[in-house]
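The structure appears right after this line, and notes come after that.
The values are calculated or read from the model by the stated rules, or taken from the named source; none is laboratory data. Since we're looking at a predicted model, the values are computed, not measured. Cβ placement follows ideal geometry from the backbone for every residue including glycine, while neighbour counts extend to all protein chains displayed.
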Amino acid sequence: MIHSLFLINHTGDIFLEKHWKSVISRSVCDYFFEAKEKAVDPENVPPVLQTPHHYLITIYRGKLFFLSVIQTEVPPLFVIEFLHRVADTFQDYFGECSEVIIKDNVVTVYELLEEMLDNGFPLATESNVLKEMIRPPTILRSVVNTLTGSSNVGDTLPTGQLSNIPWRRAGVKYTNNEAYFDVIEEIDAILDKSGTTVFAEIQGVIEACVRLTGMPDLTLSFMNPRLLDDVSFHPCVRFKRWESERVLSFIPPDGNFTLMTYHVSSQNLVAIPVYVKQNISFFETGNCGRLDITIGPKQTMGKTVEGLMVTVHMPKAVLSTNLTASQGNYTYDLATKVLVWDVGKLNPQKLPNLRGSLSMQAGAPKPEENPSLNIDLKIQQLAISGLKVSRLDMYGEKYKPFKGVKYVTKAGKFQVRT
Amino acid sequence: KYLLGYFSLDQSGGSWFLPSLMLTLIRPTMFPVLRNEDLKEMLESNKESLKLEAMKRVVGLIAKGKNASELFPAVVKNVASKNIELKKLVYVYLVRYAEEQQDLALLSISTFQRALKDPNQFIRASALRVLSSIRVPIIVPIMMLAIKEAAADLSPYVRKTSAHAIQKLFSLDPDQKEQLIEVIEKLLKDKSTLVAGSVVMAFEEVCPDRIDLIHKNYRKLCNLLVDVEEWGQVVIISMLTRYARTQFTSPWKEGAVFDENNEKTFYDSDSEEKKGQIEAKPYIMDPDHRLLLRNTKPLLQSRNTAVVMSVAQLYWHLAPKHEVSIVTKSLVRLLRSHREVQYIVLQNIATMSIQRKGMFEPFMKSFYVRSTDATHIKTLKLEILTNLANEANISTILREFQTYVKSQDKAFAAATIQAIGRCATNISEVTDTCLNGLVLLLSNRDETVVAESVVVIKKLLQTQPTQHSEIIKHMAKLFDNITVPMARASILWLMGEYCERVPKIAPDVLRKMAKTFTIEEDIVKLQTVNLAAKLYLTNSKQTKLLTQYILNLGKYDQNYDIRDRTRFIRQLIVPSEKNGALNKYARRILLAPKPAPVLESAFKDRDRYQLGTLSHSLNIKATGYQELSDWPAVAPDQSVRNVEVIEPVRNLPSSHTSSYLLMYKCFVLWDKFFSKIRTLLWLRFSLSDTIDPVFSL
């Protein structure tokens, strides 16, 4: 399946290569560089490319390209999903997935890649299993290792590999037993010029952090499970129980994991927490334009909107901005033409406003389209869909765990057309 | 010997004994031998920590793609090390360089052979992994033996490793195929979820055509599927899709696939028992077919996008038409995932939405374009929106398109104009609205937008040229300001084609072209010659001299296509004594009514490739692509899958294997006996239900 993997930074240097079958010369990447050249923006490089003898499937994450070389027919999503899993694992192990970090930990990276694929077919991708085989590097451990000569690599088969619950290792012990669930909802919306909703939906995810001793069997139930239109689960969730009783029953992995993601359909009315009054105009003469944006609360269910941020991708012709913000700061990046207005907390009494003039390149034609505004926001202690966890029960273990549920609403792909 | 020579050199370098990574890194790369020499020294030292340090640096070299092959003798000595991390790094090295240093690699084989007998299953497995990854043809028999033994190992993890090793051995020596198939056959019977995915992968690689090996394991695979790891699920589902297409009859009969007559003959040839039910129900799904559909459905909820996609394609290719739509929601959900995932999923939705608008229409808004999407994502969304357009939603879609046309991403704006053109041809109610909208775009400031509009308008006008001389006039006026060659060529073609509708303007355009002919692009020149010829035929009084002037320019053009065309046109239209024959037909040749171009999706007919495959994504048959067969007209014998009568035993603990085997043998005997009676009595039963026939007998 996956023949080789090349890691390439955004300037086009191949800084790591790994082959699972015979070695393939790195010159195969030239076809990719050609496509990259053509695409200008790295995001626009097609993920699947064909070369005379190979197929290249690439993902772009954290300014890095993960390029895999394929020789025969394979479902492209299989490869893409796997490459993202690799990037996730790096992130999990090293805290971030960047060129510097990967170069610093090249041996661990190589050991990981060796375990994750055998002959190009995924072998162990479950983070719990991997962590038993190759322990993540910590400063303490590296000191201990140099002193005692012990290593980061385990010599027994991870228990998870064999059981039918590969995501959990055996013999987990904690002094404080805790289970936390974060219900995070993101609003995806497109609003048009007048503020009417063109499209809106809610995507939710339940992130869990479970540190429980032994083999706990958990059941999480909701007050209003009917709300959930479409769901996907971590493999630990028993689908049959969900089908019949609408409860999540599972033996959790140890540590952090995504329990489920869900979708609240656009048929239900989606509450839009803020409204945006904007006026962006460019003048035919004088090479300038005006910008005036005001944001106010709409349906916030009595909670405060925090972390408000507006991002505008300005047309290429906009040279500089001269704006005043009544609240927060704004920056305008001359190279990327991105205007970022970091508002912070939304005060309903005194609505934040950003206004001023834009100066344009002399002689450039008036931009055809006004740039759209991307809104970022956060509301604590609220799930905008109204989803509520009613209870969490634990079976199979005797102790009493500490349980907690947190709700957050964020803006996902929230766009206002102007 | 020469190594010794370098050794003294290195001594003068002085720092070989320092285990610091930093020093090696900052050393000039001009002396690779020098650098590797200190590594060699470290590898041969007595200290584990030094060896480990050296190995880590060696792996660092491999990762960077640097050559470290000359260290092979020093590294291979450490293959039997007690330190597990050191050993693993040596494995990494071995797998990388064994192919280049075959003789030396053989030194390590005995270590692996010993490890294959280790009581620790993990060590057995990793030994087999490395042994099979060493691509040295001479050890093929050893590998074969190791694989056979490992396939019978008690540990499912080792058996899984042996399934992987099968593929490696096969690619090293395809002559072993027959023996390997035997091992695959054995492993396919394995009941561990751990093994299932890997052995099916081996099956797909080594003998995908041996469908007969699957029969007996079909039901087991279906039942195990939910518990197999994600990657195995993808492979199994795609194999079962292929299998099902060869074993079951089409569930799509109600549609236009079979007409009345066909259906009758089809059932006549089938079992008599079924015949009674035909009147009531024309199609009965094989229970095994149903089993597959039922057991894959929960996997739509998987977090792994590849699994969801594979179930979706399974339903698309196997489920009755009315059941396919259950995959819609899950596919739309995948659009929230990474950009690359979106790309593949959108491609598949684009193919699906051509045939089945209804499936995705309720989710139309999920395909609305955001300004932050990558261009290829935008174009795919546009494609899908166009596919979904119908009389009811066209106004919404067109309103949405109006926003897109203004996009700063000009490639996308151009694609939108194409899309509007397609909507206009597909939905006759809006043709005029679209055409007017496109004409308005002609005064757009951006050149690409104007050019694209011209091209699309040209196509639209061809479908209904009668009432649009106004638009042609408008375009003639714009002609001076348009510089994009394709657009200029399109306008010229329009002028020529409908020159009788604009008799005053067309000659004037030709006059202007005569002035700029030499500096035009090739396609524009070709169309100028074309226009000249057509005008010469319809209006020779005004244009005779102009035409001759242009033909003369063309005659001496640098491009041979233009010279050829000019010569051809001249012979065709200008009467002379040599060419009487064709001249008569010149008018009919040049001014023949031309069929309008069909504006259709680039994804039409993409479903000739199995959805979700690389071939589908590239729209090219990829190496190793396995064609999905058509449904068989008559279902092959269903009883071949019948081994599962002892299915309840499946869940028994392994200590009961002997009783299980006994029962199995009993069943086989009974089955033979039964089939004899059956043939004797000429009775044919549906054997799908495994107990029933016994009673009915």
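Quick look at the values:
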quantity	calculated
Single match in A:Lys378, A:Lys316 (criterion: touching a residue at least 12 places away in the same chain (Cβ under 8 Å), more than 24 Å from the chain's Cα centre (by Cα) and either part of a strand (DSSP E or B) or under 27 Å from B:Ser407 (Cβ atoms) (or both))	A:Lys316
Enumerated helices (runs of 4 or more DSSP H) restricted to the range B:245-320, each holding at least 2 residues that are at pLDDT 50 or above	B:287-296, B:305-318
Which numbered condition A:Thr72 misses (of (1) surrounded by fewer than 21 Cβ atoms within 10 Å (Cβ to Cβ); (2) not in a loop (DSSP other than H, G, I, E, B))	(2)
Residue in the range B:580-601 that is more than 14 Å from every other protein chain (Cβ to nearest Cβ), more than 30 Å from B:Leu537 (Cβ to Cβ) and not charged (D, E, K, R) present	yes
Top-ranked residue in the range B:114-148 [being surrounded by 15 or more Cβ atoms within 10 Å (Cβ to Cβ), within 25 Å of A:Met133 (Cα to Cα) and away from every other protein chain (no Cβ under 14 Å); ranked as farthest from the chain's Cα centre (by Cα)]	B:Leu116
Test: residue in the range B:614-625 that is buried (at least 17 other Cβ atoms within 10 Å of the Cβ) and either at positive phi or away from chain A (no Cβ under 14 Å) (or both)	no
Subset tally (residues that are crowded, with 20+ Cβ neighbours inside 10 Å and either of a type in the set (Asp, Glu) or within 14 Å of chain A (Cβ to nearest Cβ) (or both)) for the range B:442-469	4
Selection within the range B:580-596 - outside any helix (DSSP H, G or I) and surrounded by 13 or more Cβ atoms within 10 Å (Cβ to Cβ)	B:Leu591, B:Ala596
The range B:50-85, residues that are within 8 Å of chain A (Cβ to nearest Cβ) and either over 25 Å from A:Ser25 (Cα atoms) or among the basic types (Lys, Arg) (or both)	B:Leu52, B:Lys56, B:Lys64, B:Asn83, B:Ile84, B:Glu85
Subset of the range B:353-384 that is within 10 Å of another protein chain (Cβ to nearest Cβ) and not in a helix (DSSP H, G or I) - its residue that is nearest to the chain's Cα centre (by Cα)	B:Ala374
Residue pairs meeting the criteria (Cβ under 6 Å; at least 6 apart or on separate chains; first over 20 Å from A:His263 (Cα atoms), in the range B:332-361; second surrounded by fewer than 23 Cβ atoms within 10 Å (Cβ to Cβ) and of a type in the set (S, T, N, Q))	B:Ile354/B:Ser601
Test: residue in the range A:8-26 that is in a helix (DSSP H, G or I) and either loosely packed, with under 14 Cβ neighbours inside 10 Å or not charged (D, E, K, R) (or both)	no
Among the residues listed as B:Lys534, B:Lys504, B:Lys515, the single one being of a type outside the set (A, V, I, L, M, F, W, C), touching a Cys at 6+ places or on another chain (Cβ under 8 Å) and over 15 Å from B:Ile482 (Cα atoms)	B:Lys534
A:Pro365, sole failed condition from (1) surrounded by 15 or more Cβ atoms within 10 Å (Cβ to Cβ); (2) farther than 28 Å from A:Pro225 by Cα; (3) within 13 Å of chain B (Cβ to nearest Cβ)	(1)
Looking only at the range B:549-570, and only at residues there that are without any contact (Cβ under 8 Å) to a residue 12 or more places away in the chain and assigned to a helix (DSSP H, G or I), the one that is farthest from B:Ala586 (Cα to Cα)	B:Tyr560
The range B:83-121, residues that are touching a residue at least 12 places away in the same chain (Cβ under 8 Å) and either in a loop (DSSP other than H, G, I, E, B) or hydroxyl-bearing (Ser, Thr, Tyr) (or both)	B:Asn83, B:Tyr91, B:Tyr93, B:Tyr97, B:Ala98, B:Glu99, B:Glu100, B:Gln101, B:Ser108, B:Thr111, B:Leu116
Residue check, A:Asn353 away from every other protein chain (no Cβ under 14 Å), within 31 Å of the chain's Cα centre (by Cα) and without any contact (Cβ under 8 Å) to a residue 60 or more places away in the chain	no
Test: residue in the range B:414-430 that is of a type in the set (Asp, Glu), over 25 Å from B:Leu380 (Cβ atoms) and surrounded by 21 or more Cβ atoms within 10 Å (Cβ to Cβ)	no
Any chance B:Glu37 is among the acidic types (Asp, Glu), in a helix (DSSP H, G or I) and surrounded by 19 or more Cβ atoms within 10 Å (Cβ to Cβ)	yes
Qualifying residue in the range B:598-606 (condition: closer than 30 Å to B:His317 by Cβ and touching a Gly at 6+ places or on another chain (Cβ under 7 Å))	yes
Of all residues making up the range B:42-51, the number that are surrounded by fewer than 23 Cβ atoms within 10 Å (Cβ to Cβ), part of a helix (DSSP H, G or I) and out of contact with any Pro (no Cβ under 9 Å at 6 or more places or on another chain)	1
Filter pass, B:Lys88 being within 13 Å of another protein chain (Cβ to nearest Cβ) and either of a type in the set (D, E, K, R) or over 27 Å from A:Arg135 (Cα atoms) (or both)	yes
Of all residues in the range A:337-350 being within 29 Å of A:Gly302 (Cβ to Cβ), not in a strand (DSSP E or B) and not hydrophobic (A, V, I, L, M, F, W, C), the one that is nearest to the chain's Cα centre (by Cα)	A:Lys345
Selection within the range A:219-249 - touching a residue at least 60 places away in the same chain (Cβ under 8 Å) and within 14 Å of chain B (Cβ to nearest Cβ)	A:Leu228, A:His234, A:Pro235, A:Cys236
